1. Considering the stretch 35-65 alone, what residues qualify as being among the hydrophobic types (A, V, I, L, M, F, W, C), loosely packed, with under 12 Cβ neighbours inside 10 Å and over 17 Å from D25 (Cα atoms)?
2. Out of all the residues in the stretch 36-92, which are under 24 Å from L17 (Cα atoms) and of a type in the set (K, R)?
3. Output the residues belonging to the stretch 11-34 that are of a type in the set (V, I, T) and loosely packed, with under 14 Cβ neighbours inside 10 Å.
Amino acid sequence: MGLLNLFSKPEPALLGLPSGSFTLDRSGRIVIATLPSSFPNALVLEIGRQVMNTLRNAQAAQLRLAELVVYYPALKITARELSGGAIVFLSTQNLAGPVKPN
């Protein structure tokens, strides 16, 4: 039985969905973040890079983009421009859907 364990791959760890925010400066560096430390910094940087690219592309196309909102089934990303940088909010979504009043 021990021989079979040599060839098995470790199970990937599930990542908890974050709630918090982070601020980027003009060069895309993180200035401050309120995200949990368990959330990988590489993912925060990738989200920030995509947000900054989108804001810069909108500016190059002369489009006034006040707010960028991306909805995933369980996560909502909201970003706003801050004098060349950006502030990004990550929040979890309710998977059950909207609550219907009685």
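1. First pass over the stretch 35-65, keeping only residues among the hydrophobic types (A, V, I, L, M, F, W, C): 35, 39, 42-45, 47, 51-52, 55, 58, 60-61, 63, 65.
In the following step, the residues that additionally are loosely packed, with under 12 Cβ neighbours inside 10 Å were identified as 42, 60-61, 63.
Within the stretch 35-65, A60, A61, L63 qualify.
2. Across the stretch 36-92, the qualifying residues are R49, K76, R80.
3. Going residue by residue through the stretch 11-34, those that are of a type in the set (V, I, T) are 23, 30-32, 34.
Passing the criteria: V31, I32, T34.
Readers should treat all values here as calculations from the given coordinates under stated rules, not as data from a laboratory. This structure is a prediction, so every number in the text was calculated from the model and none was measured. Reconstructed Cβ throughout: ideal geometry from the backbone, glycine too, with neighbour counts over all protein chains shown.
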